[in-house]
Amino acid sequence: MAVTAQAIPMLSDNYSWLLTEAVTGKIGIVDPAEAAPAIAVLEEAGLKLDIIFLTHHHPDHVGGAEELRAHYGAKIVGNQADAHRLPALDVPVYEGAMVEFGVANARVIEVPGHTQGHIAYYFADGGLLCAGDTLFSMGCGRLFEGTAEQMFNSFGKFADLPDETLLCCGHEYTQANARFALSVEPDNEALRARAEEVDRLRAQGLATLPVSLGVERATNPFLRARSAEEFGARRRAKDNF
Ligand code: ZN
Ligand code: FE
């Protein structure tokens with residue numbers, strides 16, 4: 001496992017993910033909302049930052065990127081199609097691009113829905129999917145710019161990733177998502193077990209992430225939707241839940 005991930009809490013419920021490539025010691029961060037919490041974690045561990053991966057342009061995902069680049073001379077990676085509304089990109093990327101990260105690579109997956117220019121990063125060596133605000137544990141991002149069909153198709157691009165893949169997403173929304181998920185599938189045993197686990201973790205103030213795609217495939221009502229229509233109906237129901 002070359003690449004491992006650690007959640008850094010930011011703002012009220014955001015997670016930025018600190019990535020370590022164990023062979024070369026390269027350090028990356030995904031979606032730094034703020035610079036200070038990242039600098040604190042890096043300094044505590046005696047580390048420097050090499051690369052900043054951005055999933056989409058929302059301020060709670062890019063807010064700390066410029067300051068971290070200035071502080072460490074790190075490179076910023078983001079979707080070239082959204083360059084006009086992201087911090088200046090050192091590494092503009094697109095569907096299928098491979099971003100070198102030490103001996104590992106991040107594969108770029110375009111996942112429009114939450115925003116049109118949203119991308120995810122898949123690290124095969126380490127089995128990590130950094131999905132921003134596309135896929136949450138038992139939930140998914142709001143459709144601010146895209147359609148239900150686009151988001152449904154975006155989820156389809158995750159279908160060939162292994163069950164063991166660890167989902168590293170942008171927010172700790174899991175407990176609220178579980179309540180909605182249980183309203184959709186009250187008799188889903190895996191979902192009930194996961195909801196109980198999440199309640200225990202949150203009662204202890206612990207993160208519910210990362211979570212495996214296998215667990216999400218068994219519990220997430222959005223990932224389990226069989227059609228764009230069903231997905232759309234569930235998303236609308238969640239908006240009003
Ligand atoms: Zn967002
Ligand atoms: Fe967000």
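Can you tell me which residues in the stretch 70-80 are open to solvent by 50 Å² or more (accessible area, probe 1.4 Å) and either in a loop (DSSP other than H, G, I, E, B) or within 23 Å of A104 (Cα to Cα) (or both)? Residues satisfying the conditions are G73, K75, Q80.
When you scan the stretch 165-177, do you find a residue that is over 16 Å from the mean Cα position of the chain (by Cα), at pLDDT 95 or above, open to solvent by less than 70 Å² (accessible area, probe 1.4 Å) and more than 25 Å from A124 (Cβ to Cβ), even just one? Lay out the reasoning, then the answer.
Taking the stretch 165-177 as the starting set, the residues that turn out to be over 16 Å from the mean Cα position of the chain (by Cα) are 175-176.
With the extra rule that they be at pLDDT 95 or above, the set shrinks to 175-176.
Narrowing the set further to residues that are open to solvent by less than 70 Å² (accessible area, probe 1.4 Å) leaves 175-176.
Going one step further and asking which of them are more than 25 Å from A124 (Cβ to Cβ), we end up with 175-176.
Yes: one or more hits.
Residue selection: P9 satisfies the criterion of being out of contact with any Cys (no Cβ under 8 Å at 6 or more places or on another chain) and surrounded by fewer than 18 Cβ atoms within 10 Å (Cβ to Cβ).
This table checks each residue for (1) more than 16 Å from the chain's Cα centre (by Cα); (2) under 23 Å from P9 (Cβ atoms); (3) more than 16 Å from ligand 1 (Cβ to nearest atom); (4) open to solvent by 10 Å² or more (accessible area, probe 1.4 Å).
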| site | (1), (2), (3), (4) |
| --- | --- |
| G139 | no, yes, no, no |
| R142 | no, yes, no, yes |
| S154 | no, no, no, no |
| D160 | yes, no, yes, yes |
| A203 | yes, yes, yes, yes |
| E216 | no, yes, yes, no |
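Among the residues making up the stretch 21-42, those that are open to solvent by less than 60 Å² (accessible area, probe 1.4 Å) and farther than 26 Å from R202 by Cα are E21, G25, I27, G28.
Does Y122 satisfy being in contact with a Leu (Cβ under 7 Å, 6 or more places away or on another chain) and open to solvent by 10 Å² or more (accessible area, probe 1.4 Å)? Walk me through it before giving the result.
Values: in contact with a Leu (Cβ under 7 Å, 6 or more places away or on another chain): yes; open to solvent by 10 Å² or more (accessible area, probe 1.4 Å): yes.
For Y122, the condition - in contact with a Leu (Cβ under 7 Å, 6 or more places away or on another chain) and open to solvent by 10 Å² or more (accessible area, probe 1.4 Å) - is met.
Yes or no, residue by residue, for (1) of a type in the set (F, W, Y); (2) within 16 Å of ligand 1 (Cβ to nearest atom); (3) touching a Ser or Thr at 6+ places or on another chain (Cβ under 9 Å):
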position	(1), (2), (3)
A35	no, no, no
I39	no, no, no
G46	no, no, no
F53	yes, yes, no
H57	no, yes, yes
G64	no, yes, yes
L68	no, no, no
N79	no, yes, yes
H84	no, no, no
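Figure legend. Inter-residue proximity from the stretch 168-180: first residues farther than 20 Å from Q6 by Cα and within 16 Å of ligand 1 (Cβ to nearest atom), second residues part of a loop (DSSP other than H, G, I, E, B) and open to solvent by less than 10 Å² (accessible area, probe 1.4 Å), beta-carbon distance below 6 Å, spacing 6+ or different chains. Indicated pairs: N177/M138. Every test in (1) away from ligand 1 (no atom under 16 Å from the Cβ); (2) touching a strand residue (DSSP E or B) at 6+ places or on another chain (Cβ under 8 Å); (3) farther than 16 Å from L19 by Cα; (4) hydroxyl-bearing (S, T, Y) is passed by Y122 save one, and that test is (3). Taking the stretch 81-107 as the range and being buried (at least 16 other Cβ atoms within 10 Å of the Cβ) and either outside any strand (DSSP E or B) or of a type in the set (S, T, N, Q) (or both) as the test, the residues that pass are A81, D82, L86, P87, L89, A97, G102, N105.
Per-residue answers, yes or no, for (1) within 19 Å of the chain's Cα centre (by Cα); (2) of a type outside the set (A, V, I, L, M, F, W, C):
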{"site": "E34", "(1), (2)": "yes, yes"}
{"site": "H58", "(1), (2)": "yes, yes"}
{"site": "H61", "(1), (2)": "yes, yes"}
{"site": "E67", "(1), (2)": "no, yes"}
{"site": "A83", "(1), (2)": "no, no"}
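Taking the criterion of being open to solvent by 60 Å² or more (accessible area, probe 1.4 Å) and either within 15 Å of A83 (Cβ to Cβ) or in contact (Cβ under 8 Å) with a residue 60 or more places away in the chain (or both), the only residue of the stretch 43-67 that qualifies is E66.
The values are calculated or read from the model by the stated rules, or taken from the named source; none is laboratory data. Note that the structure is a prediction, hence the values are computed from the model and not measured. Note that we place each Cβ from the backbone using ideal geometry, even for glycine, and neighbour counts take in every protein chain shown. Calculation scope for accessible area: heavy atoms of the full protein, side chains included, ligands and nucleic acids excluded. Shrake-Rupley method; radii C 1.70, N 1.55, O 1.52, S 1.80 Å.
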